[in-house]
């Protein structure tokens, strides 16, 4: 499923590139002003169709453009995961036998800053506070935990329909320097993996 999501993202990127020049010309003719607010989500929601490792993922984004180049953003994420988050994309990702003896559920508010450098090219940084509940294979609660994530992205924003909608393909890295309350049975599984993960960004949104 992860490969399918990446292919969908690549197709959307190619479509966006074909439309971006026409959109710039149209914006210039109509004199469109910057819309300050936006709401959105991510195409990573398509992972919810995965039968092997369904994350039951929810993500809601909201932001405000404080200057033409500076944006502040808040996000809310909810998901479950049954494999260590540090497993990279490849043969080990979601592989049988590498999963936890149970799963963890995350509720995570997030705040971030986005900086546009040239046209739609941007970098962004986010801090995510993940409050976690751990359950064993019988779905019995075995503990609470907390993880502090820092996410860094490099991407490009494509605009559609008179700058009303946007799509932001990006490459990012998530790093978690603080992780507490992990049950010993979960630690035994994840200790062989790194505390970072390289991931795509596939956010989209509506400006108003």
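Taken together, the values in this text are just the output of simple stated rules run on the coordinates, not laboratory data. This structure is a prediction, so every number in the text was calculated from the model and none was measured. As a convention, Cβ positions derive from the backbone with ideal geometry for all residues, glycine included, and neighbour counts pool all protein chains shown.
Some notes on this structure:
- Computed as a quarter of the hull surface, the mean projected area of the alpha carbon convex hull for the stretch 137-208 stands at 7.4 nm².
- When the P(r) is computed for the stretch 70-112, the part past 15 Å accounts for 56% of the Cα-Cα pairs.
- Note on 92, 203, 184: ascending count of other Cβ atoms within 10 Å places them as 184, 92, 203, the fewest first.
- Sorted ascending by nearby beta carbons within 10 Å, beginning with the fewest, 190, 168 become 190, 168.
- Per-peptide average of other Cβ atoms within 10 Å, ordering 74-83, 49-58 highest first: 74-83, 49-58
- Ordering of 115-123, 129-137 by packing [mean C-beta count within 10 Å, highest first]: 129-137, 115-123
- The stretch 42-124: projected area of the alpha-carbon convex hull, averaged over directions, in nm²: 6.8
- Taking other C-beta atoms within 10 Å as the exposure proxy, 64, 196, 126 rank 64, 196, 126 from fewest upward.
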